[in-house]
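The values are calculated or read from the model by the stated rules, or taken from the named source; none is laboratory data. In this text, all values refer to a predicted model and were calculated from it rather than measured experimentally. Quick reminder, even Gly has a Cβ in these numbers, built from the backbone with ideal geometry, and neighbours come from all protein chains shown. Surface areas here come from the heavy atoms of the whole protein model, side chains and all, with no ligands, DNA or RNA. Shrake-Rupley method; radii C 1.70, N 1.55, O 1.52, S 1.80 Å.
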Amino acid sequence: MRDDIIYQEKAVERLVYESKKYLSYYETRGNKIHHLVLQAITGSGKTVIASKYIEAMSPGSEHGINDNLAFIWISVGSGGLHTQSAKKLKKYLPEDTKIMEASEAVLNEHLNPGEILVLNWESLNTKKIDKETGESVFDNIYMRDGEKYNLQDLWKKTKETGIKIALIIDESHHTAG
């Protein structure tokens, strides 16, 4: 077996192990955020690893990890990185995996277990000053309060249904802070 494949498999195993530990902690001790970091050189297969991790953590996986987990994949940076990520995820994940962008996701009441919402954080996170109120408001329609369909309501309703969200930040070393 090639060294890169062995590395990828071990990385997935470790991520799954740590996630199981954190989810167990969450269920016994309350709503706490935990961070896992996958750091590897360019070309090492981070997207493959992340895809296999999502597959292992999804409902019905052979690992039986968690039947109540949805995923949000956030790409930081411009240039359509989120679209590239969504295409790669579709390539590596089972065909029936539901992978959505904001325009599709907001039409749903909440995220379902195993679903993946892929977003471009920079396009969502921009704000402007409302000329009438002088308040800082989201510039992106999918983030605005008061819109019929928005991501903030989607996330809130997902949490209210008891579905946990695993947030995956692609290229987090650039702007995740």
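Quick notes on this structure:
- Residues that are of a type outside the set (D, E, K, R), modelled with pLDDT of 80 or more, at negative phi and open to solvent by 30 Å² or more (accessible area, probe 1.4 Å) occur in the stretch 57-73; there is at least one.
- Only one of the listed residues (Lys148, Lys164, Lys127) is open to solvent by 60 Å² or more (accessible area, probe 1.4 Å) and either modelled with pLDDT of 85 or more or closer than 29 Å to Val37 by Cβ (or both). That residue is Lys127.
- Residue match in the stretch 94-104 (condition: within 15 Å of the chain's Cα centre (by Cα), modelled with pLDDT of 85 or more, surrounded by 15 or more Cβ atoms within 10 Å (Cβ to Cβ) and not in a loop (DSSP other than H, G, I, E, B)): yes
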